[in-house]
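Q: Below you'll find the structure I mean.
The values are calculated or read from the model by the stated rules, or taken from the named source; none is laboratory data. Computed from a prediction, not measured in an experiment: that's the story for all the values here. All Cβ positions, glycine included, derive from the backbone under ideal geometry; neighbour counts span all protein chains shown. To get the accessible areas, we keep the full protein, side chains included, count just its heavy atoms, and leave off ligands, DNA and RNA. Shrake-Rupley method; radii C 1.70, N 1.55, O 1.52, S 1.80 Å.
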Amino acid sequence: ESVLRIDGHGSFLARGIGSRDSTIRRRRRLYPGAMLTIDDFARVELRVARVLHAEPHPKADKLMVLDVAIGDEKRRIVAGIRKHYAAEELVGKSIVVVANLQPATLRGIESQGMLLAASDDDGRLALVTPEKPIGPGGRVK
């Protein structure tokens, strides 16, 4: 009998199949993108940010422009969440952002980070937020 379980690293292992090579092949099927090493992932700086201001992007129907505080630093983030959130419901919310991403210009506005959100096959989207109150700038590990 083969039974799938998740090991302590979030990997899928099969009892009865059980080799490391089959685990790696199974991961690659489930997650077809390039596999990251732990060192690759450690380079991503995830921080808690507080939304100070939000407004629809003037030149894009899907984009929202957020002014956020990451500790004492203020940044602007442009994100494709406009269909899912009104500007008013974002102000004051704590979100998780990638703080060490190179800036990118989206429809004429520079985005100085990226927020994290989860989505499903039905098109629903939810921002990643801390479960308990964590101040702006808090590190996410």
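Q: When the solvent-accessible surface of protein heavy atoms is calculated with a 1.4 angstrom probe, in what order do Tyr31, Tyr85 fall, highest first?
A: The residues order as Tyr31, Tyr85, largest area first.
Q: Let me ask another. Which shape class, rounded, prolate or oblate, goes with segment 18-141 when its Cα gyration tensor gives a ≥ b ≥ c as root eigenvalues, a/c under 1.5 marks rounded, and past that a/b bigger than b/c marks prolate?
A: prolate
Q: Please give me the summed charge of the neighbours of Val98: other residues whose Cβ is under 10 Å from its Cβ, Lys and Arg +1, Asp and Glu -1.
A: In short, 0.
Q: Shifting gears a bit: Given H placed 1.01 Å from N in the peptide plane, which residues other than close sequence neighbours of Leu106 have an amide H under 5 Å from its amide H?
A: Ser111
Q: So, one more: Determine the shape class of segment 99-139: with a ≥ b ≥ c the square roots of the Cα gyration tensor eigenvalues, call it rounded for a/c under 1.5, and otherwise prolate if a/b is greater than b/c, oblate otherwise.
A: Because a/c hits 1.5 or more and a/b fails to exceed b/c, segment 99-139 counts as oblate.
Q: Continuing with this model, one more query. From the backbone phi of segment 48-62, what are the Karplus-calculated ³J(HN,Hα) couplings (6.51 cos²θ - 1.76 cosθ + 1.60, θ = phi - 60°) in whole Hz, Gly and Pro given as x?
A: 7, 10, 9, 6, 8, 8, 9, 8, x, 5, x, 10, 8, 5, 9
Q: Which residue, Val97, His84, Val68, has the largest displacement toward the positive end of the dipole of segment 53-105 when charges sit on each Cβ (Lys, Arg +1; Asp, Glu -1)?
A: My answer, from the dipole projection, is His84.
Q: Quick one: 3J(HN,Hα) in Hz for segment 103-114, Karplus 6.51/-1.76/1.60 with θ = phi - 60°, rounded, Gly and Pro as x.
A: x, 9, 9, 10, 6, x, 10, 6, 9, 10, x, 9
Q: Let me ask something additional. Can you list residues whose amide H is under 5 Å from Glu73's amide H, if they're 5+ apart or on another chain and H is modeled 1.01 Å from N?
A: Residues meeting the amide H criterion: none.
Q: What FRET efficiency do you get for Met114 and Leu36 if R0 is 22 Å and r is their Cβ-Cβ distance, rounded to the nearest 0.05?
A: So, using R0 = 22 Å, E works out to roughly 0.85.
Q: Based on the Cβ-Cβ distance of Leu125 and Arg25, what FRET efficiency does E = 1/(1 + (r/R0)^6) give at R0 = 30 Å, to the nearest 0.05?
A: 0.45
Q: Along the Cα-to-C-beta direction of Lys93, a point sits 7 Å from the Cα; which residues of segment 108-141 have their amide N less than 14 Å from that point?
A: 115-119, 124-131
Q: Residue by residue through segment 130-138, which ³J(HN,Hα) values in whole Hz follow from phi under the Karplus form 6.51 cos²θ - 1.76 cosθ + 1.60 (θ = phi - 60°), with glycine and proline marked x?
A: x, 5, 10, x, 10, x, x, x, x
Q: Now a separate question. What figure, in Å² to the nearest 10, do you get for the accessible area of Thr129 with a 1.4 Å probe and non-protein molecules left out?
A: Solvent-accessible area, nearest 10 Å²: 60 Å².
Q: Assigning unit charges at the beta carbon (Lys, Arg +1; Asp, Glu -1) and nothing else, what dipole magnitude in debye, to the nearest 20, does segment 30-84 show about its Cα centre?
A: In debye, rounded to 20, segment 30-84 gives about 280.
Q: What figure, in Å² to the nearest 10, do you get for the accessible area of Arg107 with a 1.4 Å probe and non-protein molecules left out?
A: 150
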